[in-house]
1. Out of curiosity, is residue 38 assigned to a helix (DSSP H, G or I) and more than 13 Å from the ligand (Cβ to nearest atom)?
2. Mind listing whichever residues of the range 194-207 are in a helix (DSSP H, G or I) and either touching a residue at least 60 places away in the same chain (Cβ under 8 Å) or under 30 Å from residue 162 (Cα atoms) (or both)?
3. If we keep just the residues of the range 41-51 that are farther than 15 Å from residue 137 by Cα and within 13 Å of the ligand (Cβ to nearest atom), which is surrounded by the most Cβ atoms within 10 Å (Cβ to Cβ)?
4. For the range 5-14, what are the residues that are surrounded by fewer than 17 Cβ atoms within 10 Å (Cβ to Cβ) and either over 20 Å from residue 175 (Cβ atoms) or touching a residue at least 12 places away in the same chain (Cβ under 8 Å) (or both)?
5. Report, by residue number, each residue of the range 20-33 that is without any contact (Cβ under 8 Å) to a residue 12 or more places away in the chain and in a helix (DSSP H, G or I).
6. Looking at 91, 78 in this structure, which one is surrounded by 17 or more Cβ atoms within 10 Å (Cβ to Cβ), within 20 Å of residue 155 (Cα to Cα) and without any contact (Cβ under 8 Å) to a residue 40 or more places away in the chain?
7. Take residue 111 and decide whether it is under 30 Å from residue 39 (Cβ atoms) and either surrounded by 13 or more Cβ atoms within 10 Å (Cβ to Cβ) or touching a residue at least 12 places away in the same chain (Cβ under 8 Å) (or both).
8. Any residue that is under 21 Å from residue 212 (Cβ atoms), under 15 Å from the mean Cα position of the chain (by Cα) and surrounded by 16 or more Cβ atoms within 10 Å (Cβ to Cβ) - is there at least one of those in the range 15-30?
Ligand code: IMP
């Protein structure tokens, strides 16, 4: 029996990461793009947990298939946790990474406590609602100016003391070993045999509700 799991993201890098991590398990991975145009989840949760679950459940319900989603961001102690769940749009709805870094540098001008934590939550949900959650975090300090060209988001100002450089000066391999996402994905991989059991148990115990969208009514978790 092969279980089908949908990755609730359109980010190609995340899809590749998930595929790599889960490649040895007896599952069939589908991406959102396999299903054409779907309504977007509304990410209005107050925590990374809320948003990861909202995204996973939204996709699971529409398609009638189990789905995995993630949510991540930067939590700055001196800013009472900001930008937090607003990390992607800290400088406004249409903000670029560059704009967000600029705003954070501005808001942190002259601030002595420069502690910051990247957090990541992964949620795997079935259409009827139950979900499992995995988390990873990574502590660093915010520099006063950018350093390095790799990565994305707040990487150029996130200094990771153990490696004595910013995430934007790290190779992808170096970053993945210590990053919030890397840790959450490693936990997901370690726990995956149990997750599969859990999914298959749900499949046996509960008849999944019909997908919200009529066109996906023939979707089946396993085949
Ligand atoms: P999302 O969970 O992929 O939507 O990430 C939300 C936002 O958090 C991104 O747009 C980035 O601004 C920030 N972020 C999350 N993870 C990282 C990271 O590893 N490096 C830099 N910024 C990150």
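1. Working: assigned to a helix (DSSP H, G or I): no; more than 13 Å from the ligand (Cβ to nearest atom): yes.
No, not satisfied.
2. Quick first cut of the range 194-207, residues in a helix (DSSP H, G or I) only: 194-205.
Selection gives 195, 196, 198, 199, 200, 202, 203.
3. Let us first name the residues in the range 41-51 that are farther than 15 Å from residue 137 by Cα, namely 41-46, 50-51.
Remaining after also requiring within 13 Å of the ligand (Cβ to nearest atom): 41, 43, 45, 50-51.
Numbers: 41: 18, 43: 17, 45: 16, 50: 16, 51: 23.
Selected residue: 51.
4. Residue satisfying the conditions is 10 alone.
5. Within the range 20-33, the first condition is being without any contact (Cβ under 8 Å) to a residue 12 or more places away in the chain, and the residues that meet it are 20, 23-24.
Within the range 20-33, 20 is the sole residue that qualifies.
6. Details: 78 fails: surrounded by 17 or more Cβ atoms within 10 Å (Cβ to Cβ).
Exactly one residue qualifies, and that residue is 91.
7. Numbers: under 30 Å from residue 39 (Cβ atoms): no; either surrounded by 13 or more Cβ atoms within 10 Å (Cβ to Cβ) or touching a residue at least 12 places away in the same chain (Cβ under 8 Å) (or both): yes.
No; evaluated as a whole, the condition is false for this residue.
8. no
Bear in mind that the values in this text are calculations on the coordinates, not laboratory data. Keep in mind that this is a model prediction, so the values were computed, not measured. Here the Cβ is made from the backbone with ideal geometry for all residues, glycine too, and neighbour counts use every protein chain on show.
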